[in-house]
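Data first, discussion second: the structure below is written as structure tokens.
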Amino acid sequence: MQVVEANGARIPALGLGTMTLKGDACVGLVEAALRLGYRHLDTAQMYGNEAEVGQGLRAAGVRREEVFVTTKIWHTHLAPADVERSFEESLARLGLSSVDLLLIHWPNPAVPLADTVAALCRTAADGRARHIGVANFTIALVEEAVRLATVPLVTNQIEVHPFIDQRRLIETCLRHGLSVTAYCPLARGAVPADDTLRRIGAAHGRSASQVALRWLVQQGLVAIPRTANRDRLAENLAVFDFVLSETEMAEIAALRRPDGRVVSPPHAPRWDV
């Protein structure tokens, strides 16, 4: 598995997103993904499936140190005491003593960012989170979080796919040594239907989804596609043995549009990215 290095972290370039996966289906998909070769699992308190992700991890029989596990603190739990309490609950649900990456899931304008970042840094200082980062942070918030952090931040997890323009935000993250983790990399089903991506895929004997994922990892980004279809697990993973040309990369980048976003923030739009 190719990795992305950022401020001391080595993050597998492609992981399994688990949002909306529940119950036994989630356990089975996590186990199947790990047996196929996935080594990066992404969950969150808000997903309500941390316990199932942990069960799937144990069922796969893969050594814990081989799997990069990410979870996230929901925006209602960002006061320092809530960070501590909710993170301990996450660890208990996962059945783990530590995670590889702990993120602030969304910023909360009602809680001082300095307080949240300080609490986040403490989880890294005591070893319960090997690395820390943020998600859905704007350029200004990334700059502020980097300034406040006493432990290096390693990623900003944001919506990235061919139909959204995140160039300025990505440039800001990379300038500070943060990786960018792309969620919704298939734009919630819009990617497979796109004619340009299908045409490029046909030229490589690949699907439109594989082309979109390759476009991300070829830029040095991390992608965490979610699927409830076991057959798609192998398809999504098979993006490291072909290369898109500069012309094809540019064609895909040209698909961005002003209305390309597929995710809305859970609170005030001024926190949108």
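The values are calculated or read from the model by the stated rules, or taken from the named source; none is laboratory data. Quick caveat, the model's predicted, so the values are computed rather than measured. Positions of Cβ are generated from backbone atoms using ideal geometry, with glycine treated the same way; all protein chains shown enter the neighbour counts. Keep in mind that these areas ignore ligands, DNA and RNA; they rest on the heavy atoms of the full protein, side chains included. Shrake-Rupley method; radii C 1.70, N 1.55, O 1.52, S 1.80 Å.
The figures follow:
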| item | result |
| --- | --- |
| By accessible area with a 1.4 Å probe, ligands and nucleic acids excluded, highest first: order of Glu171, Glu144 | Glu171, Glu144 |
| Built amide H within the under 5 Å cut-off of Ala223, gap 5+ | Leu14, Gly15, Ala182 |
| Under 5 Å, built H, 5+ apart or other chain: amide partners of Ile104 | Ile73, Gly133, Val134, Ala135 |
| Expected 222 nm ellipticity per residue - DSSP helices of 4 or more, -39500 (n - 2.57), all of the chain, to 500 | -12000 deg cm²/dmol |
| Most to least accessible of Cys184, Cys26 (protein chains only, probe 1.4 Å) | Cys184, Cys26 |
| Rounded, prolate or oblate (a/c below 1.5 giving rounded, otherwise prolate when a/b exceeds b/c) for the stretch 200-273 by Cα gyration tensor | oblate |
| Principal axes of the stretch 121-273: Cα extent on each, largest first, Å | 48, 33, 30 |
| Label-point separation, Ala59 to Arg199 (7 Å along Cα→Cβ), nm | 4.3 nm |
| Potential extension, Arg35-Arg256 segment - 0.36 nm per residue separation minus Cα distance | 76.1 nm |
| Cβ-placed point charges (K, R +1; D, E -1), dipole of the chain about Cα centre in debye, nearest 20 | 200 debye |
| Listed residues Lys72, Lys22 arranged by accessible area, highest first, probe 1.4 Å | Lys22, Lys72 |
| Two-decimal Rg/Rh across the chain, once Rg and the Kirkwood Rh are taken from alpha-carbon atoms | 0.95 |
| Accessible-area value, Asp259, 1.4 Å probe, nucleic acids and ligands omitted, Å² | 110 Å² |
| Karplus 3J(HN,Hα) series, Hz, for the stretch 125-130 with 6.51 cos²θ - 1.76 cosθ + 1.60 (x for Gly, Pro) | 4, 9, x, 6, 10, 5 |
| Student exercise, the stretch 23-63 dipole from Lys, Arg, Asp, Glu Cβ charges, in Debye to nearest 20 | 260 debye |
| Rough spin-label spacing in nm, given labels placed 7 Å along Cα→Cβ, for Ser264 and Asp241 | 4.3 nm |
| Separation between Cα centres of the stretch 172-202 and the stretch 57-80, rounded to whole Å | 23 Å |
